[in-house]
Amino acid sequence: MKKIILLVLLIPTIVSGQDKIKLAKLKYDGGGDWYANKTALPNLAKFCNQNLNTNFETDDEVVDVSSPELFLYPYIYMTGHGNVVFSRSDAENLRTYLEAGGFLHIDDNYGLDQFIRLEMKKVFPELEFVELPFNHLIYHQKYDFDNGLPKIHEHDGKPAQGLALIYKGRVVCYYSYESDLGNGWEDQSIHNDPEKKRQQALRMGSNIVSYAFTQYQ
């Protein structure tokens, strides 16, 4: 009950701009590079503060999937290129967090897909990832993406897909697949992406953050 109350109390503060909240990156076991995209969340936080009038701390936080501190962060970002392993207690903690009102954004940084689909089945064995339609609210917050999730990096050349786990009518997990949003959020010098691509990524990222908070209103 305390965890649920904590999230309910946290969520409105970011909308009103009264208090600062950090965006957090999920740490997990399995050997995958959960720590990838080091400049991504700080840049996204700055973009949101400038364009959405939010009041995020611009230093991100790292939180372990098994930690009770997970419940301090209404938005959690997960990325990587490789293996992911959730223990039974990890999966239970993550499920409780998501049921309590938390939001997980999984961003495939190329190579994560085959692992994360299996591990999220430990969290919600009864749910399947479904592709969100282009008219979904997540694509129409401050910025309109009439064709859905933008493609930032090519990788396999497959179309970008915005997938979701929907629990009791609420999107608890958004999975940006074959897009690589996080790379687009990073400092321009890291990937040398054109500014137009970076802006697409940052705008879509701010839409996701905005949706994660305002869906409670």
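Quick check on residue 36: is it surrounded by 15 or more Cβ atoms within 10 Å (Cβ to Cβ) and within 21 Å of residue 212 (Cα to Cα)? When the stated conditions are applied, residue 36 does not pass them.
Figure legend. Inter-residue proximity from segment 27-47: first residues acidic (Asp, Glu), second residues surrounded by 19 or more Cβ atoms within 10 Å (Cβ to Cβ), beta-carbon distance below 9 Å, spacing 6+ or different chains. Indicated pairs: 29/65; 29/84; 29/86; 29/90; 33/79; 33/80; 33/109.
Out of all the residues in segment 151-181, which are in a strand (DSSP E or B) and either among the small types (Gly, Ala, Ser) or open to solvent by 20 Å² or more (accessible area, probe 1.4 Å) (or both)?
If the condition is that a residue be in a strand (DSSP E or B) and either among the small types (Gly, Ala, Ser) or open to solvent by 20 Å² or more (accessible area, probe 1.4 Å) (or both), then 161, 162, 164, 166, 167, 170, 176, 177 are the ones that fit.
Considered as a group, the residues in segment 48-57 that are within 30 Å of residue 91 (Cβ to Cβ) and free of Cβ contacts under 8 Å to residues at least 60 places away in the same chain include one that is surrounded by the fewest Cβ atoms within 10 Å (Cβ to Cβ), and that residue is 57. Within segment 58-70, if we keep just the residues that are over 14 Å from the mean Cα position of the chain (by Cα) and at pLDDT below 95, the residue that is surrounded by the fewest Cβ atoms within 10 Å (Cβ to Cβ) turns out to be 59. For segment 182-217, the set of residues classified as farther than 14 Å from residue 77 by Cβ, among the acidic types (Asp, Glu) and buried (at least 18 other Cβ atoms within 10 Å of the Cβ) consists of 193 only. Restricting the first member to segment 80-106 and to residues that are within 14 Å of residue 116 (Cβ to Cβ) and without any contact (Cβ under 8 Å) to a residue 60 or more places away in the chain, and the second to residues that are polar (S, T, N, Q) and surrounded by 20 or more Cβ atoms within 10 Å (Cβ to Cβ), the beta-carbon pairs closer than 6 Å and six or more apart or on different chains are 80/109; 81/109.
Surrounded by 15 or more Cβ atoms within 10 Å (Cβ to Cβ), among the hydrophobic types (A, V, I, L, M, F, W, C) and free of Cβ contacts under 8 Å to residues at least 40 places away in the same chain: is that true of residue 116 in this structure?
Values: surrounded by 15 or more Cβ atoms within 10 Å (Cβ to Cβ): yes; among the hydrophobic types (A, V, I, L, M, F, W, C): yes; free of Cβ contacts under 8 Å to residues at least 40 places away in the same chain: no.
Answer is no for this residue.
Of all residue pairs spaced 6 or more apart or on separate chains, those with beta-carbon atoms under 9 Å, a first member in segment 139-156 that is in contact (Cβ under 8 Å) with a residue 24 or more places away in the chain and a second member that is aliphatic (A, V, I, L, M) and open to solvent by 40 Å² or more (accessible area, probe 1.4 Å) are 141/52; 142/52. Within segment 71-91, the set of residues being more than 16 Å from the chain's Cα centre (by Cα), open to solvent by 40 Å² or more (accessible area, probe 1.4 Å) and either under 16 Å from residue 35 (Cα atoms) or basic (Lys, Arg) (or both) comprises 83, 85, 88. Of the residues making up segment 39-79, those that are in contact with an Asp or Glu (Cβ under 9 Å, 6 or more places away or on another chain) and over 10 Å from residue 25 (Cβ atoms) are 39, 42, 43, 44, 45, 55, 64, 65, 66, 69, 70, 72. Can you tell me which condition residue 108 does not meet? The list is (1) among the charged types (D, E, K, R); (2) open to solvent by 40 Å² or more (accessible area, probe 1.4 Å); (3) touching a helix residue (DSSP H, G or I) at 6+ places or on another chain (Cβ under 8 Å), and all the others hold. Just one mismatch for residue 108, condition (2). Set side by side, the residues 166, 190 differ, and just one is farther than 26 Å from residue 97 by Cα and among the aliphatic types (A, V, I, L, M), which is 190. Of the residues making up segment 1-50, those that are of a type in the set (S, T, N, Q) and either at pLDDT below 50 or under 17 Å from residue 69 (Cβ atoms) (or both) number 3.
The values are calculated or read from the model by the stated rules, or taken from the named source; none is laboratory data. This is a predicted model, so every value here is computed, not measured. Cβ sites come from the backbone with ideal geometry, for glycine too, and all protein chains shown count toward neighbours. The accessibility values were calculated without ligands, DNA or RNA, using every heavy atom of the protein model including side chains. Shrake-Rupley method; radii C 1.70, N 1.55, O 1.52, S 1.80 Å.
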